[in-house]
1. In nm, give the distance between the simple-model label positions of S94 and S32, each being 7 Å from the Cα along the Cα-to-Cβ direction.
2. Round to the nearest 0.05 the FRET efficiency obtained for S86 and H112 when R0 = 25 Å and r is the Cβ-Cβ distance.
3. Diagonalise the Cα gyration tensor of the stretch 4-119 and give the resulting equivalent ellipsoid semi-axes, square root of 5 times each eigenvalue, largest first, whole Å.
4. Explain nothing, just the number: dipole magnitude of the stretch 4-119 about its Cα centre with +1 on each Lys and Arg Cβ and -1 on each Asp and Glu Cβ, in debye rounded to the nearest 20.
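Laboratory data are not the source of any read-out in this text; all were calculated from the coordinates shown. Bear in mind that the values here come from a model prediction, so they are computed numbers and not experimental data. A quick note on method: Cβ atoms are made from the backbone with ideal geometry, for glycine too, and the neighbour counts reach across all protein chains shown.
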Amino acid sequence: MQGGREKGDHFEQLALHWLQQQGLQIIQQNFSCRFGEIDLIMLDGSSVCFIEVKYRKSNAFGGTAFSIPRSKQNKITRSALSYITSHKVYQQHSYRFDALFIQPAGRAPELHYEWIRNAFQADVY
């Protein structure tokens, strides 16, 4: 694996497949707008989930749970508002902001997935 974007794409694909195994349906991957980017937009029942995917090699510096700062949360929530505004079919759905953290689980190549539903709330709605 080479650079950051390529590595990010790899873990987003792993996350996508794992979440699909949990019953979610993909709406869009890597949505970008002038406010920022959302890694995965998925449907969980009738809820639209805006999902941030994070990979960390270790728990140093607080691990994955501390890796979505408020500034990043604001970019995601503004991007989500932009997405919902331009995709009217989802305007009547409930929504939430999830995080999926991926870390090594003991011996390589095993990975541990930690899915946090409602990882943060939107300030812009």
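1. 3.3
2. That pair, S86 with H112, gives E of 0.10.
3. 24, 16, 12
4. I would put it at about 400 debye.
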